[in-house]
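The values are calculated or read from the model by the stated rules, or taken from the named source; none is laboratory data. Predicted model only: the values in this text are computed from it and were never measured. Cβ atoms come from the backbone with ideal geometry, glycine included; neighbour counts cover every protein chain shown.
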Amino acid sequence: MLLSMGREIDTMLYNVAQLMKASVGTTLEYPLHEEDVQLDEDLKVVGPLDGHVRIRRTNQGLLIDGWVDLVLELSCNRCLTTFEQPMHVTFIEQFYPTVDVVTGLALPPIDEEEIFPIDDHHIVDLTEAIRQNVLTAIPMVTLCREDCAGLCPQCGHDLNLGPCDCKPEVDTRFSILEKLLQNGSE
């Protein structure tokens, strides 16, 4: 059974009490839109976060999948300038209840670390699940552009703006070889 909720919501909190009482396989779908979202203190989201969420009832809890589109402000690993990086992140996570929706009694905790709880009031908060998936989707090396020249290792000049006046450093480990080459050519 598919229950489509076509209204746009302005939060990542979902009351799933009725869905937890529904039969296995029942699905709710929501558009996701957040104007001002802060996922992590070290991660700046520029502009809105848009996406889609599908919440499916399983025999153990909920399976929630979807996607988000957002723009992150990142720092280039080579030249250290900040730049905006658009991202499309998909996610699929399991949420387990902490309280029985019918009796209100606490359920035994689940030992798995990679699960998310449905709180005592039957509210699902997607913020942490989305934050974790966005963090793992960020490339290990972030570049402002593919051909970024980086910084001069001697003076720190941004080589994307043009060359600097520094002379290339000669590796002293090879100076002996240079002397041998000079002696051999004489």
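The condition of being more than 25 Å from Met12 (Cβ to Cβ) and either touching a Phe, Trp or Tyr at 6+ places or on another chain (Cβ under 6 Å) or among the basic types (Lys, Arg) (or both) holds for only one of Cys144, Cys164, Cys152, Cys79, that being Cys144.
Hey, could you check the range 117-148 for residues that are in contact with a Cys (Cβ under 7 Å, 6 or more places away or on another chain) and among the hydrophobic types (A, V, I, L, M, F, W, C) and say which is surrounded by the most Cβ atoms within 10 Å (Cβ to Cβ)? The selected residue is Cys144. Any chance you could count how many residues in the range 69-84 are over 13 Å from Val46 (Cα atoms) and among the charged types (D, E, K, R)? So the count comes out to 1. Taking the criterion of being touching a Pro at 6+ places or on another chain (Cβ under 7 Å), of a type outside the set (Gly, Ala, Ser) and at pLDDT below 95, the only residue of the range 35-87 that qualifies is Glu35.
With respect to the conditions (1) touching a Leu at 6+ places or on another chain (Cβ under 7 Å); (2) outside any loop (DSSP other than H, G, I, E, B); (3) closer than 30 Å to Cys148 by Cα, Leu28 falls short on a single one, namely (3).
Among residues of the range 24-49 that are among the small types (Gly, Ala, Ser), those with a beta-carbon under 9 Å from a residue that is outside any strand (DSSP E or B) at least six positions away or on a different chain give the pairs Gly25/Met1; Gly25/Thr58; Gly47/Glu35.
Among the residues of the range 59-81, those that are surrounded by 13 or more Cβ atoms within 10 Å (Cβ to Cβ), over 16 Å from the mean Cα position of the chain (by Cα) and free of Cβ contacts under 8 Å to residues at least 40 places away in the same chain comprise Gln60, Leu63.
Consider Glu114 carefully, then state whether it is exposed (fewer than 10 other Cβ atoms within 10 Å of the Cβ), modelled with pLDDT under 95 and more than 30 Å from Leu49 (Cβ to Cβ). It is false that Glu114 is exposed (fewer than 10 other Cβ atoms within 10 Å of the Cβ), modelled with pLDDT under 95 and more than 30 Å from Leu49 (Cβ to Cβ).
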